[in-house]
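The values are calculated or read from the model by the stated rules, or taken from the named source; none is laboratory data. Every value quoted in this text rests on a predicted model; they were computed, and no experiment measured them. Note: ideal-geometry Cβ built from the backbone for every residue, glycine included; neighbour counts use all protein chains shown. Side chains included, ligands, DNA and RNA excluded: accessible areas come from the protein's heavy atoms. Shrake-Rupley method; radii C 1.70, N 1.55, O 1.52, S 1.80 Å.
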Amino acid sequence: RLHADALAAAERRTAPAAVVLWAQLPRYADPGVVTSLPRTRQQVRVFAGGPGWERGVVPQPAERINDLASAADAVERAVC
């Protein structure tokens, strides 16, 4: 339930290697959040997962993940 602009500010401030957008419910799976993430000098891998994304469209550049274990693996690969 983090606001999109707060997420964007955190991404610009911390320059993470990966961002995981988890939506437990469909009403939180907002494709607009993915497309509004800032483009930073360092490429950020974006992952969307959780039951909320199951029926929704995951826009580029996000990659769909199925569960928390997949999320952890994906983030670990993005950091390495």
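Assorted remarks:
- Among the residues making up the stretch 1-38, those that are part of a loop (DSSP other than H, G, I, E, B), among the small types (Gly, Ala, Ser) and modelled with pLDDT under 90 are Ala15, Ala17.
- Pairing each residue of the stretch 48-61 that is of a type in the set (A, V, I, L, M) with any residue that is open to solvent by less than 30 Å² (accessible area, probe 1.4 Å) and part of a helix (DSSP H, G or I), provided the two are 6+ apart or on different chains, yields C-beta distances under 8 Å for Ala48/Val34; Val58/Val34.
- Selection of the stretch 30-47 for residues being open to solvent by less than 70 Å² (accessible area, probe 1.4 Å) and closer than 18 Å to Ser70 by Cα yields Val44, Val46, Phe47.
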